[in-house]
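For reference, the structure discussed in these notes is given below.
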Amino acid sequence: MTIKNLEDLRKIKERAKLSTSARRKSETQVIVGMGTCGIAAGARDVMAAILDEMSRAGVHDVSVMQDGCIGMCQKEPLVDIVRPGEPRVTYGNVKPADVPAIISEHLVNGRIVSGLVVAKV
Amino acid sequence: MEKLARAHVLICGGTGCSSSGSKEIIPEMRGKLKAKGMEDEIKVVETGCHGLCELGPLVIVYPEGVFYIRVKASDVEEIVENHLIKGRVVDRLLYREPATHATVPDYDDIAFYKKQQRYALVNCGHINPESLEEYIGTDGYEGLAKALSMKPEEVIEEVKKSGLRGRGGGGFPTGTKWQFTRNAVGSKKYVICNADEGDPGAFMDRSVLEGDPHRVLEGMIICGYAVGADEGYIYCRAEYPLAIKRLRGAIGQALESGLLGENILGSGFNFMIHIKEGAGAFVCGEETALIASIEGRRGMPRPRPPFPANSGLWGKPSNINNVETFANVPSIMRDGGDYFASQGTETSKGTKVFALTGKINNTGLAEVPMGITMREIIYDIGGGIPNGKKFKAVQIGGPSGGCLPEQLLDLAVDYESLIRAGAMMGSGGLVVMDETTCMVDVARYFLNFTQDESCGKCTPCREGTKRMLEILNRICEGKGTEEDIPLLESMAQSIKAGSLCALGQTAPNPVLSTLNFFRHEYEAHIRDHKCPAGVCTAFVGYTITEGCRGCGLCKKVCPADAISGEVKAKHIIDPDKCIKCGACQSKCPFKAIEKG
């Protein structure tokens, strides 16, 4: 790569900011339940689908995290969406096929995917 | 499309953490993640130094920012299984505050980091030092782009406005130095980066070079543009192999991308940087000796003037600054000199990196605003003195500096206040000493160092330091006389006044400052034949008390056969045979052996 001017430098900067965005904790978060129950119900596949969908849709500055069992094992895999200033929404029985809707509708556009919601905090 | 990594595992690959085992952790972590099919999901990044070297190898997991200490390769599986897969923090590997023993999971909440203000070290430990892209991602090379859009004189004005002063020890105003080289007559000029860090216990420059090499290059290129130079040298000691490797890599990347070489960023400005490996002579940190060494001559200083700004490398005008000084320049250009000048004290602006070593809990590197007190550095950042011992003194400025006693702990640290207190900023090495340290022995240690490193060119330094060392040896061996103290003081003054370079001019400082604050310890050695700290073996003797049950363990462990006695009867030590190793005392199960 040859950097000829400030503009080239800024382009690389933008790219680097994206590739290192996981080093900053964002207030917008996707949290996947990764207790034994969650993993048994397929949470790892859901996690993979979330990362694929976010990469495909170019979503960034969102922290993807995990938490343990919260006691709703029968509803696993559970996925929580946290957006600043909005209630935390928990989706249950999430399948990889549900992920694109949760990401594009709720995470990006703030429209809750009502059919899958099990709780709001 | 690059796949999004949800977590980054930053593993410190600095010299400190590498030597405590991070080299094994990195492949182990990559291997375990691959075995789980998570190599795309979680990115492993080898970084430079985080500063808390005492507790290395350090591993930080983002986005949570969880800080793990003393991680071994055998801990990796647990981190992967519990933290990275299930999101459960591995409690037993978390940092604990030395005072409260409470675990602190979050990097930003650790007291060691809270009081710091990282400016030169801002990227160290947070980026991959071998990636130009990551450096650019932290606004890297924007300072250069801005400088190239200005006139060279305006760049110098900005540096002057910042109030930046030389971080290698001298504290000379950087902008003024640049101006001298700019004004010097000549078409060929050089920029030199002094990376010959040699003070015992100092490793701030090494960490910057290892952890953020592009920052130093950027500072040098900006300097080259400002002073009108087209070539630069980094003089780095060969004992810093990792720093040299990272510098070479960074220079290669900068050349390839057009940030170094010809027509930088389309400005028409050309600049090239070379590395010169030094053999580790302390005197080569002195600028004229350093220049001689680059030229292939023996590293010896010469009288100044002429100063390097007028006649430096190969007789051409040369601007020479320390690593940390250059590392401050890119941000000064980017943010403007005023921001930098808003930090620190009236005469000393910005921040300073200190290397904390000796009897202190958090051995490592800390960058703090000028004007902070020594107490805050040692107790809040350094975590205080280990094992419940009492603070005695802190040596600042290495072998050229002096020690500060407890009554000066609340001194606001800047260039002037330290000089007034009989010490100096130096490169920023802090050696903390507790009550078990003998101050005469400390002075002897530092003088032994400078005496050893004296190049021998001028008589006051070559002969004077040798004679002073002989006197100190004599005092420590119990053969000191009343005349020794005034003799030390008068020789110190002569050596300071008569030596050719700063090595000799400052070599007597540790003796003078210990005499100033701890004269009673010298007097105790000479008059009372006692070493108050119990360090100098000539004054130490071991005796067995009435608590002895005659178990015979001490007799068995004594390497000099100096202990005798019947079983179940009190033993005795023959002082003529005793070599004062202390083995008997540490072995005695009844604590019946006293040192005194």
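When you check A:Gly115 against the structure, is it farther than 23 Å from A:Arg23 by Cα and assigned to a loop (DSSP other than H, G, I, E, B), yes or no?
Working: farther than 23 Å from A:Arg23 by Cα: yes; assigned to a loop (DSSP other than H, G, I, E, B): no.
It is false that A:Gly115 is farther than 23 Å from A:Arg23 by Cα and assigned to a loop (DSSP other than H, G, I, E, B).
Is it true that some residue in the range B:141-156 is under 21 Å from A:Thr20 (Cβ atoms), assigned by TED's automatic domain parsing to the domain that holds B:Gly258, open to solvent by 20 Å² or more (accessible area, probe 1.4 Å) and not small (Gly, Ala, Ser)?
So far as the range B:141-156 goes, yes, one or more of its residues are under 21 Å from A:Thr20 (Cβ atoms), assigned by TED's automatic domain parsing to the domain that holds B:Gly258, open to solvent by 20 Å² or more (accessible area, probe 1.4 Å) and not small (Gly, Ala, Ser).
So B:Arg167 clears everything in (1) within 22 Å of B:Leu132 (Cβ to Cβ); (2) outside any helix (DSSP H, G or I) except one condition, right? Which one?
The single condition B:Arg167 does not satisfy is (1).
I'm checking my understanding of the structure. Among residues of the range B:241-261 that are open to solvent by 20 Å² or more (accessible area, probe 1.4 Å) and away from every other protein chain (no Cβ under 14 Å), which one is farthest from B:Ser293 (Cα to Cα)? Please lay out each step first, then the result.
We begin by selecting, within the range B:241-261, every residue open to solvent by 20 Å² or more (accessible area, probe 1.4 Å); these are B:241-242, B:245, B:248-249, B:252-253, B:255-256.
Subsequent filtering for residues that are away from every other protein chain (no Cβ under 14 Å) retains B:241-242, B:245, B:248-249.
Numbers: B:Pro241: 19, B:Leu242: 21, B:Lys245: 21, B:Arg248: 20, B:Gly249: 24 Å.
That would be B:Gly249.
Let's see how each residue does on (1) buried (at least 16 other Cβ atoms within 10 Å of the Cβ); (2) modelled with pLDDT of 95 or more:
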| residue | (1), (2) |
| --- | --- |
| B:Thr288 | yes, yes |
| B:Ile291 | yes, yes |
| B:Glu295 | no, yes |
| B:Arg304 | no, no |
| B:Asn321 | yes, yes |
| B:Ile332 | yes, yes |
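Quick check on my filter: what residues within the range B:434-474 are open to solvent by 10 Å² or more (accessible area, probe 1.4 Å), hydrophobic (A, V, I, L, M, F, W, C) and not in a helix (DSSP H, G or I)?
Once the filter is applied, which keeps residues that are open to solvent by 10 Å² or more (accessible area, probe 1.4 Å), hydrophobic (A, V, I, L, M, F, W, C) and not in a helix (DSSP H, G or I), the range B:434-474 yields B:Cys455, B:Cys458.
From the list A:Asp61, A:Asp45, which one is at positive phi, surrounded by fewer than 18 Cβ atoms within 10 Å (Cβ to Cβ), within 14 Å of another protein chain (Cβ to nearest Cβ) and in contact (Cβ under 8 Å) with a residue 40 or more places away in the chain?
On the way: A:Asp45 fails: at positive phi.
Sole residue among the options that is at positive phi, surrounded by fewer than 18 Cβ atoms within 10 Å (Cβ to Cβ), within 14 Å of another protein chain (Cβ to nearest Cβ) and in contact (Cβ under 8 Å) with a residue 40 or more places away in the chain: A:Asp61.
Within the range B:516-557, which residues are crowded, with 17+ Cβ neighbours inside 10 Å, touching a residue at least 60 places away in the same chain (Cβ under 8 Å) and in a helix (DSSP H, G or I)?
Hits for the range B:516-557 are B:Phe517, B:Phe518, B:Glu521, B:Tyr522, B:His525, B:Phe539.
Being within 11 Å of chain A (Cβ to nearest Cβ) and either aromatic (Phe, Trp, Tyr) or outside any helix (DSSP H, G or I) (or both) is the requirement here; does B:Val44 meet it?
Working: within 11 Å of chain A (Cβ to nearest Cβ): no; either aromatic (Phe, Trp, Tyr) or outside any helix (DSSP H, G or I) (or both): yes.
So B:Val44 does not fit the description; no.
Considering only residues that are more than 9 Å from chain A (Cβ to nearest Cβ), open to solvent by 10 Å² or more (accessible area, probe 1.4 Å) and in a loop (DSSP other than H, G, I, E, B), which ones fall in the range B:65-88?
Once the filter is applied, which keeps residues that are more than 9 Å from chain A (Cβ to nearest Cβ), open to solvent by 10 Å² or more (accessible area, probe 1.4 Å) and in a loop (DSSP other than H, G, I, E, B), the range B:65-88 yields B:Ile69, B:Arg70, B:Lys72.
Let me spell it out: the conditions are (1) in a strand (DSSP E or B); (2) open to solvent by 10 Å² or more (accessible area, probe 1.4 Å); (3) under 20 Å from B:Asp205 (Cβ atoms), and B:Leu430 meets all of them except one. Which number is the exception?
Failed condition: (2).
Go through the range B:157-189 and report how many residues are crowded, with 19+ Cβ neighbours inside 10 Å, of a type in the set (Ser, Thr, Tyr) and out of contact with any Pro (no Cβ under 8 Å at 6 or more places or on another chain).
So the count comes out to 2.
Please name all residue pairs, on different chains or six or more residues apart, with Cβ atoms under 8 Å, provided the first residue is in the range A:1-22 and is without any contact (Cβ under 8 Å) to a residue 12 or more places away in the chain and more than 7 Å from chain B (Cβ to nearest Cβ) and the second residue is assigned to a loop (DSSP other than H, G, I, E, B) and polar (S, T, N, Q).
A:Asp8/A:Thr2
Considering only residues that are surrounded by 20 or more Cβ atoms within 10 Å (Cβ to Cβ) and among the aliphatic types (A, V, I, L, M), look in the range A:23-38 and name the one that is nearest to the other protein chains (Cβ to nearest Cβ).
Going through the qualifying residues, I end up with A:Met34.
Could you tell me which numbered condition B:Val59 fails, if it satisfies all but one of (1) open to solvent by 20 Å² or more (accessible area, probe 1.4 Å); (2) modelled with pLDDT of 95 or more?
Just one mismatch for B:Val59, condition (1).
Among (1) within 14 Å of chain A (Cβ to nearest Cβ); (2) free of Cβ contacts under 8 Å to residues at least 24 places away in the same chain; (3) of a type in the set (D, E, K, R), where does B:Glu130 come up short?
Going through (1) within 14 Å of chain A (Cβ to nearest Cβ); (2) free of Cβ contacts under 8 Å to residues at least 24 places away in the same chain; (3) of a type in the set (D, E, K, R) one by one, B:Glu130 breaks only (2).
The values are calculated or read from the model by the stated rules, or taken from the named source; none is laboratory data. Being a predicted model, the structure only gives us computed values, none of them experimental. Cβ coordinates were reconstructed from backbone atoms using ideal geometry, including for glycine residues, and neighbour counts include every protein chain displayed. When the accessible area is computed, the model is the full protein with side chains, heavy atoms only, and any ligands, DNA or RNA have been set aside. Shrake-Rupley method; radii C 1.70, N 1.55, O 1.52, S 1.80 Å.
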